[in-house]
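Take a look at the structure below.
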Amino acid sequence: MNYQGIVYRPPSEAGSLIVQVTIGCSQNGCTFCSMYKDKNFHIRNIDEILTDFKEARELYKNISKIFLADGDALICKADILIKILDFIK
């Protein structure tokens, strides 16, 4: 698994596999939030993301929940998200 920087796990995702789809937050300007100030936002390469999922499948035999991290995974274009979700399925 290729994690960059500090990865934040929401309490509701305590048992989830976390894979960084993006690094940092696309907004990263909220006054109240200091979580991603040390990262420059970017979307990871799809091949790297899928490699993380392949590696996770080898390491963990019983994955029931997956959390797409970092600060804004849903900013990805729909075709990329569909490719990721199809791969997960």
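The values are calculated or read from the model by the stated rules, or taken from the named source; none is laboratory data. Worth saying up front: this structure is predicted, and the values here are computed from it rather than measured. Positions of Cβ are generated from backbone atoms using ideal geometry, with glycine treated the same way; all protein chains shown enter the neighbour counts. These area figures cover heavy atoms from the full protein model, side chains too; ligands, DNA and RNA do not enter into them. Shrake-Rupley method; radii C 1.70, N 1.55, O 1.52, S 1.80 Å.
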### Query
Among all residue pairs at least 6 apart or on different chains, which show Cβ distances below 7 Å where the first residue, located in segment 38-54, is within 16 Å of residue 66 (Cα to Cα) and the second is in a helix (DSSP H, G or I) and open to solvent by 80 Å² or more (accessible area, probe 1.4 Å)?
50/87; 53/87
### Task
Considering every residue within segment 13-29, establish whether at least one is among the hydroxyl-bearing types (Ser, Thr, Tyr), loosely packed, with under 15 Cβ neighbours inside 10 Å and without any contact (Cβ under 8 Å) to a residue 60 or more places away in the chain.
no
#### Entry: Candidates 82, 75, 49, 43 - the one that is open to solvent by less than 50 Å² (accessible area, probe 1.4 Å) and among the hydrophobic types (A, V, I, L, M, F, W, C)
49
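Criterion first (assigned to a helix (DSSP H, G or I), free of Cβ contacts under 8 Å to residues at least 40 places away in the same chain, open to solvent by 50 Å² or more (accessible area, probe 1.4 Å) and over 16 Å from residue 88 (Cα atoms)) does residue 34 satisfy it? Even if it seems obvious, please write down each step before you answer.
Values: assigned to a helix (DSSP H, G or I): no; free of Cβ contacts under 8 Å to residues at least 40 places away in the same chain: yes; open to solvent by 50 Å² or more (accessible area, probe 1.4 Å): yes; over 16 Å from residue 88 (Cα atoms): yes.
No; evaluated as a whole, the condition is false for this residue.
Across segment 60-79, which residue is farthest from the chain's Cα centre (by Cα) among those that are assigned to a helix (DSSP H, G or I) and touching a residue at least 40 places away in the same chain (Cβ under 8 Å)? Can you show your working first?
Let us first name the residues in segment 60-79 that are assigned to a helix (DSSP H, G or I), namely 73-75, 78-79.
When the remaining residues are screened for being touching a residue at least 40 places away in the same chain (Cβ under 8 Å), the result is 73, 75.
On the way: 73: 6, 75: 12 Å.
Restricting to residues being assigned to a helix (DSSP H, G or I) and touching a residue at least 40 places away in the same chain (Cβ under 8 Å), the top hit is 75.
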